[in-house]
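S.K.: Below is the structure I would like to discuss, written out as structure tokens.
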């Protein structure tokens, strides 16, 4: 077996396990008969993974050129992974909008953008645009525990 086929078998096992656990996602009473529910996208991802892994196993792979692997830019990739982890950790404290703006701004800098006005404009517009879209769809995104005292001072929507 080649390295590609070994990787395909491992990926096939992971995709099958993912599909199994996707079928274990609990559904509420109202969404059990719906055609699109909480299990739909995970099942689609599992099916795509199974298809890709089968292609890796069946189609012969060309010889791997490991010199290309050594020339990859690993530092930005590692920084983005660290930033994504930090984004998930600070989301509850800073809230969706602030943490998303900070993450996008930092990601643009890591990827080489150097115009602060453009970085700020794109980060703010993307984060607030997505927040407005979620608000229109009825999905509530928490403002963050950092801002809860400020919201209590100003009075919430249900305060009289």
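S.K.: Being farther than 30 Å from residue 5 by Cα and assigned to a helix (DSSP H, G or I), is that true of even one residue in the stretch 67-80?
M.R.: yes
S.K.: Would you confirm whether any residue within the stretch 68-84 is loosely packed, with under 15 Cβ neighbours inside 10 Å, within 30 Å of residue 147 (Cβ to Cβ) and not assigned by TED's automatic domain parsing to the domain that holds residue 125?
M.R.: Within the stretch 68-84 (the criterion being loosely packed, with under 15 Cβ neighbours inside 10 Å, within 30 Å of residue 147 (Cβ to Cβ) and not assigned by TED's automatic domain parsing to the domain that holds residue 125), the answer is no, since none of the residues qualifies.
S.K.: If a residue has to be part of a helix (DSSP H, G or I) and loosely packed, with under 11 Cβ neighbours inside 10 Å to count, how many in the stretch 98-131 make the cut?
M.R.: 2
The values are calculated or read from the model by the stated rules, or taken from the named source; none is laboratory data. Remember, it's a predicted structure, so these values are computed and weren't measured experimentally. No Cβ is skipped: glycine too gets one built from the backbone with ideal geometry, and neighbour counts run over all protein chains shown.
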